[in-house]
Amino acid sequence: MMEEEEKRPRPSIIMPLLLIAAGVLLLLNQMGKLPWGIWGTLWRFWPVILILIGLEILIGLSRSNLIYIIGVLIALVILGAVIAYAVYKGEQPATTQPKVSTETISELMQDADSGQITLKFGAGRVTIGALPDSPNFVEGKLEYTRYSLQAERDFRVQNGRAEFSLSARSQPIPFWVPGDIAGEYWDLRFTPRIPLEMDIKTGVGKVNMDLSGLKVTRLTLDAGVGETVIIFPVAAGLTRANINAGVGAITVQIPKEVGARILVAKGLGSIRVKSTRFTHFGNEYTSKNYQTAENKLDLEIKGGVGTITIQ
């Protein structure tokens, strides 16, 4: 019996340590002690997982309790150093980095009476809003920093429908590079004159979508890692929206004059409804003016890891 017990493999140390570290960080996020942006720094350290797995394999080859203990201590030191660096960078003020290049976007609306917008973003910051009085379908500015490549974009108008797409194609970012150096900045403004459908996929960073002045009738958002703020349209008729949350904080702002029905599938996080406008039944939140409002929002949210705030 003693020989069989000695031959049993040692328990894994990597997964428990990773789960404990992630749980502690998420708890601090929820308590407001750490910004959600810390995950944008942590993701660049993914090669550390390979180092830890290799360390665990080496530990498994030895039957020495001393080596096992030393291996656990090394793993703790590595994880602690990575987390400490991420926290340190999260507390530092953003530094202004010289931009390698700037690209401007300007596309005429032509005879379009509806529009389709497809955005696939990598890392950095995204701002989306409405154009003032303009004959253009879209205007914007893209700023690229040291580790960025020019995004791929396409625009066409066919049968009265304008289609605009913009996709990041940046090089893989070295995991030790802070986000404010490696990311991109997209500032995009779209026409408020015609109905729009939007398909947006974000990566790592901050996203600010002010759709209040746009006629967005459909929105699909696949959120990545970071902070996302969405202000929904004031006068778009009926807006149907789906949000797939990632890791981070999502703030949903709904204009008071808009009737809203929100269905939430909760993930590993929390739902906060900061308004007395909504009645709550199960996973559904409905504003008191939903039946009578001229403009309505049907929203479905699939929670990820983080906080979803509805205002």
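Note on the stretch 278-289: residues that are more than 12 Å from ALA265 (Cα to Cα) and buried (at least 18 other Cβ atoms within 10 Å of the Cβ) amount to 2.
Once the stretch 53-104 is narrowed to residues that are among the hydroxyl-bearing types (Ser, Thr, Tyr) and touching a Phe, Trp or Tyr at 6+ places or on another chain (Cβ under 9 Å), the residue that is modelled with the highest pLDDT is THR102. Pull out all pairs, ordered by first then second residue, where Cβ-Cβ is under 9 Å, the residues are six or more apart or on different chains, the first lies in the stretch 111-124 and is without any contact (Cβ under 8 Å) to a residue 60 or more places away in the chain, and the second is surrounded by fewer than 17 Cβ atoms within 10 Å (Cβ to Cβ) and not in a strand (DSSP E or B). Note: pairs meeting the criteria are ASP111/GLY160. Taking interchain pairs and intrachain pairs at least six residues apart, which have beta carbon atoms under 8 angstrom, with the first residue in the stretch 279-290 and in the same structural domain as PRO255 (by TED's automatic domain parsing) and more than 12 Å from GLY259 (Cα to Cα) and the second exposed (fewer than 15 other Cβ atoms within 10 Å of the Cβ) and not charged (D, E, K, R)? Listed by first residue and then by second, the contacts come to ASN283/ALA265.
Residues in the stretch 250-275 that are modelled with pLDDT under 90 and of a type outside the set (S, T, N, Q): how many? Total meeting the criteria: 11.
The condition (being part of a strand (DSSP E or B), among the charged types (D, E, K, R), at pLDDT 95 or above and out of contact with any Leu (no Cβ under 7 Å at 6 or more places or on another chain)) is satisfied by just one residue among ARG189, ARG218: ARG218.
Scanning the stretch 115-137 for residues that are at pLDDT 95 or above and of a type in the set (Gly, Ala, Ser) yields GLY115, GLY129, ALA130. Applying the selection to the stretch 221-249, what residues are modelled with pLDDT of 90 or more, aliphatic (A, V, I, L, M) and outside any strand (DSSP E or B)? Scanning the stretch 221-249 gives VAL234, ALA235, ALA236.
Conditions (1) free of Cβ contacts under 8 Å to residues at least 60 places away in the same chain; (2) touching an Asp or Glu at 6+ places or on another chain (Cβ under 8 Å), marked per residue:
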{"site": "MET198", "(1), (2)": "no, no"}
{"site": "SER212", "(1), (2)": "no, no"}
{"site": "THR217", "(1), (2)": "yes, yes"}
{"site": "THR228", "(1), (2)": "yes, no"}
{"site": "ALA265", "(1), (2)": "yes, yes"}
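Taking the listed residues SER270, SER212, SER275, the one that is assigned by TED's automatic domain parsing to the domain that holds PRO195, of a type in the set (Ser, Thr, Tyr) and touching a Pro at 6+ places or on another chain (Cβ under 7 Å) is SER212, with no other qualifying.
Determine whether VAL258 is over 20 Å from the mean Cα position of the chain (by Cα), surrounded by fewer than 17 Cβ atoms within 10 Å (Cβ to Cβ) and touching a residue at least 24 places away in the same chain (Cβ under 8 Å). Spelling it out, it is not the case that VAL258 is over 20 Å from the mean Cα position of the chain (by Cα), surrounded by fewer than 17 Cβ atoms within 10 Å (Cβ to Cβ) and touching a residue at least 24 places away in the same chain (Cβ under 8 Å).
The values are calculated or read from the model by the stated rules, or taken from the named source; none is laboratory data. In this text, all values refer to a predicted model and were calculated from it rather than measured experimentally. Every residue, glycine as well, gets a Cβ built from its backbone with ideal geometry; the counts of neighbours run over all protein chains shown.
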